[in-house]
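Since the structure comes first, as structure tokens, the remarks are kept for the end.
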Amino acid sequence: MASDYCAPSSILIVGSGVFGLSTAFSLSKDPKFKDTSITLVDRQPFPAPDGSSIDTSRIIRPDYACSPYTALVSRAQALWRTTFAAAHYHENGLCITASGPSQTYVSSSLSNVRELGTCKIEELHNAQDIERVTGVENASGAMGYVNWSSGWADAEGAMRWLRREVEALTRVTFVTGTVDQLLFDHDSSTVSGALLKDKSTLTADLTILAAGAWTPSLLDLRGIAKATGQVLAYMPVSAAEEARLRDRLTLLNLSTGMFLIPPSQGLLKVARHGHGYVNPTTIRHPESPSSLPPITVSLPLTHIDSPGQSVPAEGLKACREFLSHIHPSLCVPSRPFTKSKICWYTDTQHGDFLIDYHPKWKGLFVATGGAGHAFKFLPVIGDAIVQCVVGRMPDEFKGRWEWPAERVEESMWEGDGSRGGPVGMVLSEEIAKGGAKL
Ligand SMILES: Cc1cc2nc3c(=O)[nH]c(=O)nc-3n(C[C@H](O)[C@H](O)[C@H](O)COP(=O)(O)OP(=O)(O)OC[C@H]3O[C@@H](n4cnc5c(N)ncnc54)[C@H](O)[C@@H]3O)c2cc1C
């Protein structure tokens, strides 16, 4: 398709997160699309308060067991350090640890970042090494390494920066509205845009669906992608504590999934990169509401959809136990988390992104499957998506980002080996056992 690629006259992007906004940026700059009208619709005014891309912080690490992602992050980091939202990027280093089976991921990741040849690495052989290098009172994990060339970004700050850049190019029409369903024409197997909840339509020659964890509400992605909820908790820290901890390493224990990012804006964030909670929801069939039976898929339930939403006690306990283990003097029993939430990953079978044309619906391209690790690619993922749109998927991601050959029962998904903590939790069941609204 690439050599004779003919740009569509109109493109509709659904979703203004990492995948959608970066695509809008790349399309706006690409001369091939100079005559294409570009519309970006999101159900929330920007920045979406419950979008996965909006938060105080996201880890930026080339530390992957899969080397193509290591190489892609390395290219992203070159931009994070210089021209892309650089004021929002902090290169404090990352300490990645494990005990038990997750050590395999750590070893592969270590070998990949070594291979890059540009990262400053220190191997950690035991708990004493971990305590010495991180400054925690008690180590979490039995072994690991520090990559001093990893960092973290103020996610909301970087997304706001990108939005201003896109606006400055004046190529994109921004619409706030909820897509109720895509406009499917069953006779021609074509998608021609979207019908919004207010009954208005946005038509386009090409629709790029980048609705994050909500994507399975607009397309039948059973066995391909699903939403999983992850717990986050925040503890306020004083200015003196923030000054003391600000330059510390980010800590990520791949066996438990627990991680801690240095404090910013007076808040210390603890979270779990885990298998997460599913939220099975029965909805009308997104592609054929009148002729096919309803389907049940895991979809996000956020503090915006449901303002009284509790966070499961199980998740809050995991955050508290992690913090009180590594920093007992900071996390004294009388000192509570003051804010917590569930944030939604778009998980796929192997943790790979899904960036491809739909195999059946002409005029429909899907860019999703962040699987809890896409933020760091913000400076480069839009260009990669546009490459795929014009038919030039990078060779190293063929078979990873392509539409999967088959749907695989979700309980069989292996992930990418980076997740820790409990498996098989259902959000409503965990909340029923106890929860708190913070
Ligand atoms: C708790 C947590 C921690 C993470 N930590 C890291 C990390 O440390 N490092 C890292 O690299 N990555 C991390 N990630 C992953 C990364 O943040 C995500 O992969 C990425 O932000 C996903 O972007 P997205 O565009 O797919 O989704 P989103 O940002 O959620 O964007 C989707 C957008 O679609 C909109 N939308 C949904 N439905 C509709 C509709 N019907 N109509 C119109 N608009 C709609 C939503 O409002 C939303 O704005 C983390 C994610 C979470 C949740």
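Figure the gain on full extension for Trp148 and Leu438 (residue separation times 0.36 nm, minus the Cα-Cα span) and round it to one decimal in nm.
On the way: separation 290, 0.36 × 290 = 104.40 nm, distance 3.39 nm.
Working it through step by step, the gained length comes to 101.0 nm.
What full-extension length gain, to one decimal in nm, is calculated for Asn92 and Thr176 as 0.36 nm per residue of separation minus the Cα-Cα distance?
Full extension from Asn92 to Thr176 adds 26.6 nm.
As a footprinting exposure proxy, order Trp80, Trp161, Trp152 by other Cβ within 10 Å, with the fewest listed first.
Lowest to highest Cβ neighbour count: Trp161, Trp80, Trp152.
Sticking with the crude label model, points 7 Å out along Cα→Cβ, report the distance from Glu396 to Ile304 in nm, one decimal please.
Taking the two extended label points, one gets 3.4 nm.
Calculate the spin-label point distance for Ser9 paired with Glu167, positioning each point 7 Å from the Cα along the beta-carbon direction, and give it in nanometres.
3.0
For Ser37, which sequence-distant residues (separation of 5 or more, or a different chain) have an amide H within less than 5 Å of its own amide H, given hydrogens modelled in the peptide plane?
Amide H neighbours of Ser37, under 5 Å, 5+ apart: Ser10, Ile11.
Would you grab the residues whose amide H sits under 5 Å from the one on Phe337? Only those 5+ places off in sequence or on another chain, please, with H modelled 1.01 Å from N.
Correct list: empty.
Quickly work out the Thr82-to-Glu241 label distance, labels modelled 7 Å from Cα along the C-beta direction, and quote it in nm with one decimal.
3.9
How long is the gain from Ser290 to Lys29 if the chain were fully straight, where each residue apart is worth 0.36 nm and the alpha carbon distance is subtracted?
So the extension gain works out to 89.9 nm.
Can you give the FRET efficiency for Lys317 and Lys339, using 1/(1 + (r/R0)^6), R0 = 25 Å, r = Cβ-Cβ distance, to the nearest 0.05?
With a Förster radius of 25 Å, E is 0.95.
So if a site counts as exposed when it's one of the trypsin sites (Lys or Arg not before Pro), its DSSP state isn't H, G, I, E or B, and it has at most 16 other Cβ atoms within 10 Å, what's the longest stretch of the chain without one?
Value returned for the longest uninterrupted segment is 121-196.
Could you work out the relative contact order of the chain? I mean the mean sequence separation of Cα pairs under 8 Å and 6+ apart, divided by the number of residues, in percent. Write out the running numbers ahead of the final one.
Details: 1000 pairs, mean separation 96.1, N = 438.
Dividing the mean separation by the residue count of the chain yields 22 percent.
Determine the dipole magnitude for the range 114-207: charges of +1 sit on the beta-carbon of Lys and Arg, -1 on that of Asp and Glu, nothing else is charged, the reference point is the Cα centre, and the result goes in debye to the nearest 20. Spell out each step's value before the answer.
Working: 9 positive and 15 negative charges, 59 e Å.
So the magnitude is around 280 debye.
Can you work out ³J(HN,Hα) from phi for every residue in the range 224-241, in order, using Karplus 6.51 cos²θ - 1.76 cosθ + 1.60 and θ = phi - 60°, giving whole Hz and x for Gly and Pro?
Coupling constants for the range 224-241: 10, 8, 8, 8, 10, x, 10, 8, 9, 9, 10, 10, x, 10, 6, 4, 5, 5 Hz.
Return one number: the angle in degrees, 0 to 90 and rounded to the nearest 10, between the long axis of the Cα atoms of helix 378-389 and the longest principal axis of the Cα atoms of the chain.
30
Ordered by residue, what ³J(HN,Hα) values in Hz, to whole numbers, does the range 359-376 give under the Karplus form 6.51 cos²θ - 1.76 cosθ + 1.60, where θ = phi - 60° and Gly and Pro are x?
After applying 6.51 cos²θ - 1.76 cosθ + 1.60, I find x, 9, 8, 5, x, 10, 10, 10, 10, 7, x, x, 6, x, 8, 8, 4, 4 Hz.
List every residue whose amide H lies under 5 Å from the amide H of Gln181, counting only residues 5 or more places away in sequence or on a different chain, with H placed 1.01 Å from N in the peptide plane.
Long-range HN contacts for Gln181: Leu195.
Less than 26 Å apart at the alpha-carbon level, and either on another chain or at least 8 residues along: which lysines does that give for Lys360?
List returned: Lys32, Lys197, Lys199, Lys226, Lys398.
Rank these for me by crowding, Asp352, Asp198, going from fewest to most other beta carbons within 10 Å.
Asp198, Asp352
Would you mind checking the range 223-252 for residues with the amide N under 14 Å from a putative spin-label position 7 Å along Cα→C-beta of Ile283?
Those under the cut-off are 223-228.
Coordinate-derived values only; no laboratory data. Just so it is clear, the structure is predicted and the values come from calculations on it, not from any experiment. Quick reminder, even Gly has a Cβ in these numbers, built from the backbone with ideal geometry, and neighbours come from all protein chains shown.
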